[in-house]
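Only one structure is covered here, and it is reproduced in the block below.
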Amino acid sequence: MAADPVTTTAPAPGAEYADTASAAYRAALQVIESVEPRIAAATRKELADQRDSLKLIASENYASPATLLTMGTWLSDKYAEGTIGHRFYAGCQNVDTVESVAAEHARELFGSPYAYAQPHSGIDANLVAFWAILATRIEAPELAAQGAKHVNDLSEADWEKLRNKLGNQRLLGMSLDAGGHLTHGFRPNISGKMFHQRSYGTDPETGLLDYDALAAAAREFKPLIIVGGYSAYPRRINFAKMREIADEVGATLMVDMAHFAGLVAGKVFTGDEDPVPHAHVTTTTTHKSLRGPRGGLVLATEEYAPAVDKGCPMVLGGPLSHVMAAKAVALAEARQPAFQTYAQRVADNAKALADGFLKRGARLVTGGTDNHIVLLDVTSFGLTGRQAESALLDSGVVTNRNSIPADPNGAWYTSGIRFGTPALTTRGFGAADFDRVAELVVDVLTNTSPEGTSKAKYKLADGTAQRVHAAAAELLEANPLYPGLTL
Ligand code: PLP
């Protein structure tokens, strides 16, 4: 299978494009080398390492040369706090263009009335969303009740009352061990401190999201915000159902689609599975399945848009204009029909990987997948997640350990390995390749044993790492990363 055309040949197909990109990178590295050779060397080495590793980390991908090149410009040099057409600095006309184009692509791609392209990352996008929901639902009505336009117009006593109210709100999000993210109300995270938090989980038998239990928790807890979305749940979510639950209890539905934004953009998740028409506020990263630069986005209804638009400087530092420009390029790529083909292949490949595990007797959380994630329970191999992750890495398979529901080994050692298909699908891997990946993973894990009672130490049977490395190298060679790009 040829490498994905979106990544390797857009916008101008053919070897000529690879030559142009090669020339650009060679020149850039030469310039960098003249100032700090160690950075040029590390940059070169990173490409070699990425080319040589079987990257199965569910949150990573490979952005296109066009997206990557867009980040290396003088747009980085401009301060542009504020929002489009309303900046706290002079001379922001080009940043206005950049941000407008990025937001326009995001609105069109996701069918959202409003998009905010400034968040520097997914966590920043979530913080902007929290702030915007508090500002819209709590602060604005309180100001109106006091006949004030601005918080600075409030008396000290009224301001203190409002601060207490803002700090006394409730958030219901998916628990970490069911696959939720730290920012969905995990106590040690700022989200668990900003809000009184409670978590919903998954059914202990099936591992699937239990909507009845979620509805019961929402009725009892009456949160201001229900957060949908996940980092490690291998299934689709019915966001129409979540919105019904939110409406019933008067909650704002916020969906963090950081992981599966590419599947939404690529129209694999549609109807009830597309969060954008159902959520009041949708947040995402741009660098995971969406395959853009590192960064975040917030989409919102007209009701929440004015507050989201004040994200900088109320929550965020000055916008990274060079990254917003790269978001615009990546979003333009995601609007091409080829991206829909890519997204469907991401989901098909996850299924092939899951089937490959199941037919070799492995146990998967929820028994399979219908998104881009496969969560393998490694206790059936007698291992902890930590041991499995290390043994796989020794064999050239890059993954991350992950908690599973009611994890007996806790959040550090864990009992799971999370696999994701977005990155290798970008390289061109197909279903047969992912079946082979499952075979290699099972080979490593069946040849790994714990050392004594340690949850970290392990023994890998002689010859396993070499055998798997060689097989992985064959797969990687057949599906090259950035073919034709030479430094
Ligand atoms: N939200 C979810 C669901 C995630 O999985 C992640 C990252 O893994 C984030 C937010 C945070 O993204 P970032 O690392 O860009 O802040």
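No value in this document is a laboratory result; all are computed from the given coordinates. Nothing here was measured: the structure is a model prediction, and the numbers come from that model. No Cβ is skipped: glycine too gets one built from the backbone with ideal geometry, and neighbour counts run over all protein chains shown.
If you stretched the chain out fully between A461 and A28, how much longer would it get, using 0.36 nm times the residue separation minus the C-alpha to C-alpha distance? Mind showing how you got there, number by number?
Numbers: separation 433, 0.36 × 433 = 155.88 nm, distance 4.42 nm.
Answer, rounded to one decimal: 151.5 nm.
Put a dot 7 Å past each Cα toward the Cβ at K241 and E474; how far apart are the dots in nm?
Here the answer is 4.3 nm between the modelled labels.
Could you work out the relative contact order of segment 279-328? I mean the mean sequence separation of Cα pairs under 8 Å and 6+ apart, divided by the number of residues, in percent.
Values: 45 pairs, mean separation 17.2, N = 50.
Once divided by the residue count of segment 279-328, the mean separation gives 34 percent.
Once Rh for segment 299-345 is found with the Kirkwood sum over Cα pairs, what is the Stokes-Einstein diffusion coefficient at 37 °C and 0.692 mPa s, in µm²/s? Write out the running numbers ahead of the final one.
Numbers: Rh = 13.0 Å.
Using the Kirkwood radius from Cα pairs, D works out to 252 µm²/s.
When N counts the residues of segment 356-408, how does its alpha-carbon radius of gyration compare numerically with 2.2 N^0.38 Å, as a ratio? Show your work: numbers first, answer last.
Values: Rg = 11.1 Å, N = 53, 2.2 N^0.38 = 9.9 Å.
Scaled against compact globular proteins, the figure is 1.12.
Over all distinct Cα pairs, what is the inverse of the mean 1/r for segment 257-360, reported as the Kirkwood hydrodynamic radius in Å? Kindly include the intermediate steps, with their values, before the conclusion.
On the way: mean 1/r = 0.0659 Å⁻¹.
Result for segment 257-360 stands at 15.2 Å.
Amide H to amide H under 5 Å from G416: which residues, 5+ apart in sequence or cross-chain, H placed 1.01 Å off N in plane?
Those qualifying (amide H under 5 Å, at least 5 residues apart or on another chain) are V378, G385, N402, I404.
About the Cα centre, and with charges only on the beta carbon of Lys, Arg (+1) and Asp, Glu (-1), how big is the dipole of segment 348-478? Nearest 20 debye, please. If you can, show how the numbers build up before the last one.
Details: 13 positive and 15 negative charges, 70 e Å.
The calculated dipole for segment 348-478 is roughly 340 debye.
Would you mind estimating how fast the chain diffuses translationally, via Stokes-Einstein at 10 °C and 1.306 mPa s with the Kirkwood radius over Cα pairs, in µm²/s? Let's see the in-between values first.
Values: Rh = 23.6 Å.
After rounding, the answer is 67 µm²/s.
Nearest 500 deg cm²/dmol is fine: what mean residue ellipticity at 222 nm does the chain get from its DSSP H runs of n ≥ 4 alone, each adding -39,500 (n - 2.57), divided by its residue count? It would help to have the intermediate numbers written out before the result.
Working: 21 runs with 223 residues, N = 487.
The helix-only estimate for the chain comes to -13500 deg cm²/dmol at 222 nm.
Work out the P(r) tail for segment 313-405: percent of alpha carbon pairs separated by more than 14 Å, whole number. All intermediate terms of the calculation are to be shown ahead of the outcome.
Details: 3256 of 4278 pairs.
Of all Cα-Cα pairs in segment 313-405, 76 percent lie more than 14 Å apart.
If you plug each phi of segment 93-101 into the Karplus form 6.51 cos²θ - 1.76 cosθ + 1.60 with θ = phi - 60°, what whole-Hz ³J(HN,Hα) values come out, in order, with x for Gly and Pro?
Those phi angles translate into 4, 6, 5, 4, 4, 4, 5, 5, 5 Hz.
Once Rh is set to the Kirkwood radius over Cα pairs, what Stokes-Einstein translational diffusion coefficient, in µm²/s, holds for segment 348-478 at a temperature of 25 °C and a viscosity of 0.890 mPa s?
On the way: Rh = 14.6 Å.
The calculation lands on 168 µm²/s.
Report, by chain and number, residues whose modeled amide H sits under 5 Å from the one on G229, excluding near sequence neighbours (fewer than 5 apart, same chain).
It is D256, by chain and number.
Label L208 and R163 with points 7 Å out from Cα along Cα→Cβ: what is the distance between them in nm?
4.8 nm
What are the residues whose amide H is under 5 Å from the amide H of Y200, where those residues sit 5 or more places off or on another chain and H is modelled from the backbone?
The answer is G173, M174, S175.
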